[in-house]
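These notes concern the structure reproduced below.
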Amino acid sequence: MITIISGTNRLNSKSIELSKYYQNQLKKEGLEARILDLSLLPADFAFSALYANGGKNDEFNLFRNIIEDSQKFIFVVPEYNGSFPGVLKAFIDGLKYPDSFTDKKALLVGISSGIQGSALALSHLNDILNYLNMHVYGTRLKIPLIEKNFINGEIVDPKINALSLDQLKGFIKF
Ligand SMILES: Cc1cc2nc3c(=O)[nH]c(=O)nc-3n(C[C@H](O)[C@H](O)[C@H](O)COP(=O)(O)O)c2cc1C
């Protein structure tokens, strides 16, 4: 079972749409995947589930348990202010430290309205995941101009679409 983390809590996000796209692609490959949607986190989790409250918020613990039970992850990461969304870092800070991601595997996919495709954001996240001893698949997909390149649940640019399928097939074997 692969867990797809939709990396924002913004409602009706492109990230959740793209997460569903990846879930469908994995289904076509005969693999099951679940989506962890950060928009479903308890609204006050940054105050009720972190630090001294770690492990004490039952609703947040459902998310922690999903992470602990999963071995392989796809992170769908929108570019916010030149990095990845703060809610994703707060979520990671609420997980059991230090071994929630140890020796597990990750695939990174970045999206942005602008032309960077979240490249810097993926680097920032990669540093953190490496620090946590995660194995991150080398090829990172960057989808720039997301509103133009991803429409009605499909990656419409043929080149980006081909890159995305290659990346996913590589990750399945990783
Ligand atoms: C708070 C915020 C900051 C953003 N900063 C950037 C940015 O620095 N560069 C960029 O190209 N797009 C930026 N965007 C646009 C997002 O990258 C674009 O909406 C996105 O990739 C899709 O994200 P979504 O999953 O929230 O829909 C920003 C959007 C928000 C909400």
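Bear in mind that the values in this text are calculations on the coordinates, not laboratory data. All of these numbers come straight from a predicted model, not from anything done at the bench. Ideal geometry is used to build each Cβ from the backbone, glycine not excepted, and the neighbour counts take in all protein chains shown.
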* Structure fact -> Computed Rg/Rh for the chain (Cα atoms; Rh = Kirkwood radius) stands at 0.95
* Structure fact -> Bridge orientation stat for the stretch 2-173 from DSSP, antiparallel percent rounded to 5, came to 10 percent
* Stretch gain in nm, segment residue 172-residue 102, where the contour uses 0.36 nm per residue and the Cα spacing is subtracted -> 23.3 nm
* To do: Evaluate E = 1/(1 + (r/R0)^6) for residue 53 and residue 11, where r is the Cβ-Cβ distance and R0 equals 25 Å; express this FRET efficiency to the nearest 0.05.
  => 0.50
* In debye, nearest 20: dipole of the stretch 1-91 around its Cα centre with unit charges on the Cβ of K, R (+) and D, E (-)? -> 200 debye
* Segment residue 152-residue 115, length gained on full extension (0.36 nm per residue, minus Cα span) -> 11.3 nm
* To do: Show that you can apply the helix-only estimate: for the chain, add -39,500 (n - 2.57) for every DSSP H stretch of four or more residues, divide by all residues, and state [θ] at 222 nm to the nearest 500.
  => -12500 deg cm²/dmol
* Asked: Could you name the aspartates and glutamates in cross-link range of residue 56, using Cα to Cα under 20 Å and dropping any fewer than eight places away on the same chain?
  -> 44, 68, 69, 93, 99
* Putting +1 on Lys and Arg Cβ atoms and -1 on Asp and Glu Cβ atoms, find which of 13, 118, 162 reaches farthest to the positive end of the dipole of the stretch 2-173. => 162
* What length, rounded to one decimal in nm, is gained on full extension from residue 31 through to residue 90, with 0.36 nm per residue of separation minus their alpha-carbon distance? -> 18.3 nm
